[in-house]
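A short write-up of the structure that comes next.
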Number of protein chains: 4
Amino acid sequence: MYAGYAAGFLYRPWNSSFGADLFKNDKKMLKTTYNLEVRYYETDLMGVVHHSNYIRYLECARHQCLVELGLPIDSIERDYGIMMPVTSVECNYHFPAKMGDVLRIESRIEKMPKARIEVLSDIFNQDGKLLADAKVVLGFIHSDTRKPTRIPECLHKAFSPYFDNE
Amino acid sequence: MYAGYAAGFLYRPWNSSFGADLFKNDKKMLKTTYNLEVRYYETDLMGVVHHSNYIRYLECARHQCLVELGLPIDSIERDYGIMMPVTSVECNYHFPAKMGDVLRIESRIEKMPKARIEVLSDIFNQDGKLLADAKVVLGFIHSDTRKPTRIPECLHKAFSPYFDNE
Amino acid sequence: MYAGYAAGFLYRPWNSSFGADLFKNDKKMLKTTYNLEVRYYETDLMGVVHHSNYIRYLECARHQCLVELGLPIDSIERDYGIMMPVTSVECNYHFPAKMGDVLRIESRIEKMPKARIEVLSDIFNQDGKLLADAKVVLGFIHSDTRKPTRIPECLHKAFSPYFDNE
Amino acid sequence: MYAGYAAGFLYRPWNSSFGADLFKNDKKMLKTTYNLEVRYYETDLMGVVHHSNYIRYLECARHQCLVELGLPIDSIERDYGIMMPVTSVECNYHFPAKMGDVLRIESRIEKMPKARIEVLSDIFNQDGKLLADAKVVLGFIHSDTRKPTRIPECLHKAFSPYFDNE
């Protein structure tokens with residue numbers, strides 16, 4: 001995993017500064033931070049970011065987290081034959097993001113994933129204002145049969161150091 | 001309102017067949033049906049419609065409903081100075097939509113809107129299979145001050161025939 | 001082809017009124033018309049449809065044309081193992097589309113496709129105002145090897161009645 | 001301008017490494033480089049980035065360039081009342097981008113903008129492979145009247161150091 005990360009480092013120099021940041025805290029959960037800038041085409045007639053784009057931002061944050069864990073989503077699909085479809089999304093919108101904003105998405109996985117991954121996220125702007133909070137649940141399916149499965153071994157290994165044994 | 005609708009009818013002939021269909025039922029709620037075809041760019045690496053696009057489809061259905069009520073969203077913003085930001089979204093995904101699918105979105109508003117509109121929707125494919133169910137809540141704000149307000153008079157009038165007096 | 005179209009008709013009743021319209025004219029070319037309504041999320045901070053969305057609208061028009069020819073794009077990929085990547089796009093923007101607009105895309109293929117399909121399109125709003133004109137070129141590749149190929153037999157057959165023998 | 005840039009620097013630390021890079025070269029033109037990672041939802045049924053997204057990537061690169069010049073697009077619109085609509089787009093696609101790819105967009109403006117800005121770009125993947133080349137032309141309009149205008153003074157000043165006097 002580290003080799004992969006190091007290789008990634010060659011052409012993703014900004015990861016170290018704004019990429020997902022993984023660490024164990026007292027509560028033994030997985031926490032990550034992801035930053036991104038609002039893009040012009042993501043705004044709408046109201047002059048703010050369209051609500052559907054937050055759902056996409058959350059995905060960017062999750063994928064960056066997987067990259068940091070050494071398991072980029074495209075590799076999980078290609079190398080392990082596992083897809084991770086979203087099974088539910090909940091998002092509460094508190095304050096709009098605007099063009100020029102730089103968003104910070106703080107995500108946490110509080111329970112070691114088994115049949116599903118539950119990701120809780122807060123989205124802030126550059127002033128630290130909470131724009132939205134969200135819960136996204138993902139499942140696992142075999143990419144050939146599209147049948148549900150439990151968490152694949154590769155992900156179990158990558159995740160387990162961040163949680164207490166259960 | 002009817003004149004506007006009739007004018008709209010001239011260049012939107014397909015509304016009559018697949019547009020939102022409004023009627024009072026025993027339960028006195030507002031129900032609408034909206035059909036749309038999956039677009040190629042809405043699919044993703046998994047070969048299915050990306051989950052964020054369902055959030056967009058739901059918006060298309062809401063907007064068509066407003067058109068049928070004689071109050072297209074752009075007119076509400078331009079003529080009445082009211083915007084309707086989404087305040088929360090919940091969506092449960094049951095089965096994926098694919099390229100070539102024609103989706104049917106059945107939506108209902110069960111309570112006469114006051115400070116918010118709560119829209120419940122089910123999304124089906126052409127085989128009648130339930131792909132997703134969702135709840136979207138919208139608020140009302142003044143477009144100049146961006147301050148929250150109660151349902152504007154124009155919408156109150158348009159909605160009230162579909163609900164029992166309260 | 002007609003059977004396919006008839007089958008499609010069952011669940012796409014609006015095709016007959018606003019779907020692509022295919023006919024031979026004096027010039028022996030393939031012409032189609034496609035209508036679509038602007039969606040809210042397609043607008044941007046300027047209050048008009050973002051320029052990238054016209055590129056997507058053009059694709060919707062092409063796909064509807066293939067449906068009318070009895071060869072929906074997903075079937076071409078799945079049943080014939082052929083993908084049709086876009087190899088170039090040119091689009092000139094004359095006047096902006098706004099929320100509430102209903103667009104009419106008139107497309108024509110002037111030359112029988114061999115190694116490529118060249119599609120010329122004009123996009124109008126409901127007032128007949130020209131919003132944009134475009135040229136999109138597509139190639140053919142085998143979906144397994146991703147190697148270029150000439151027009152597949154299935155498409156050659158579908159297209160040839162619309163052109164003079166060459 | 002510099003103060004703004006410095007302030008921006010505080011919360012955009014990654015700009016220095018992957019942001020637009022401005023310099024005069026022998027030819028006296030404006031050149032910039034912008035990097036971005038492919039997002040999952042930008043891929044399509046073919047498993048590659050949808051062609052319309054390159055048009056969006058080009059916009060991200062242009063906007064970053066304006067940020068580096070001290071004139072973010074939202075400020076140009078808000079503070080100077082000038083909008084910069086795209087008047088034409090040409091893009092040639094050579095090789096597909098895939099999930100996991102990190103793209104490098106090299107753009108150049110070869111002529112000092114007067115009534116229009118002409119931006120030429122090449123898009124590469126992390127292996128240095130040319131994926132696409134493009135030309136995008138933008139005009140200037142007053143945001144209130146939507147009438148065309150020549151390059152506004154603020155932009156003229158920001159651009160002129162990068163070009164020979166003409």
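Taken together, the values in this text are just the output of simple stated rules run on the coordinates, not laboratory data. Being a predicted model, the structure only gives us computed values, none of them experimental. Positions of Cβ are generated from backbone atoms using ideal geometry, with glycine treated the same way; all protein chains shown enter the neighbour counts.
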Problem set entry | Residue closest to axis [chain D; rotation mapping onto B; Cβ; Å] | D:Asp44, 3
Exercise. What are the nm distances, shortest first, from D:Pro161 to its equivalents in the other copies, labels at 7 Å along Cα→Cβ?
Worked result: 4.6, 6.5, 6.6
For this session: Provide the per-residue ³J(HN,Hα) series for the stretch A:148-158, in order, calculated from phi with Karplus coefficients 6.51, -1.76, 1.60 and θ = phi - 60°, each as a whole number of Hz, with x at glycine and proline positions.
Result: x, 8, 7, 4, x, 3, 4, 6, 4, 4, 5
For this session: Evaluate peptide B:32-39: per residue, the Cβ atoms of other protein chains within 10 Å of its Cβ; return the mean as an integer.
Result: 3
Exercise. How many Cβ atoms of partner chains, on average, are near each residue of A:83-89 if near means within 10 Å of its Cβ?
Worked result: 6
For this session: Using the 7 Å Cα-to-Cβ label point, sort the distances from D:Lys147 to its equivalents in the other copies shortest first and give them in nm to one decimal.
Result: 3.6, 6.1, 7.0
Exercise. Which whole number gives the average, over all residues in C:120-132, of C-beta atoms from other chains lying within 10 Å of the residue C-beta?
Worked result: 1
For this session: Using only the Cα atoms of the stretch B:60-143, construct the convex hull and provide its projected area averaged over every direction, in square nanometres to one decimal.
Result: 6.3 nm²
Problem set entry | Karplus-derived HN-Hα couplings along the stretch B:117-128 (A = 6.51, B = -1.76, C = 1.60, θ = phi - 60°), whole Hz, x at Gly and Pro | 10, 10, 10, 9, 9, 10, 10, 10, 8, 5, 8, x
Exercise. Quick one: Karplus J couplings for the stretch C:69-86, per residue in order, coefficients 6.51, -1.76, 1.60, θ = phi - 60°, nearest Hz, x for Gly and Pro?
Worked result: 6, x, 10, x, 4, 5, 6, 4, 6, 7, 8, 10, x, 10, 10, 10, x, 6
Problem set entry | Across the identical copies, how the C:Lys114 labels are spaced - nm, sorted shortest first, 7 Å along Cα→Cβ | 4.2, 6.4, 7.2
Exercise. In debye to the nearest 20, how big a dipole does the stretch A:48-127 give about its Cα centre with +1 on each Lys and Arg Cβ and -1 on each Asp and Glu Cβ?
Worked result: 140 debye
Seminar exercise, completed: Sorted by chain and then number, the residues having a modelled amide H within less than 5 Å of the amide H of A:Glu110, at least 5 places away or on another chain, are A:Leu120
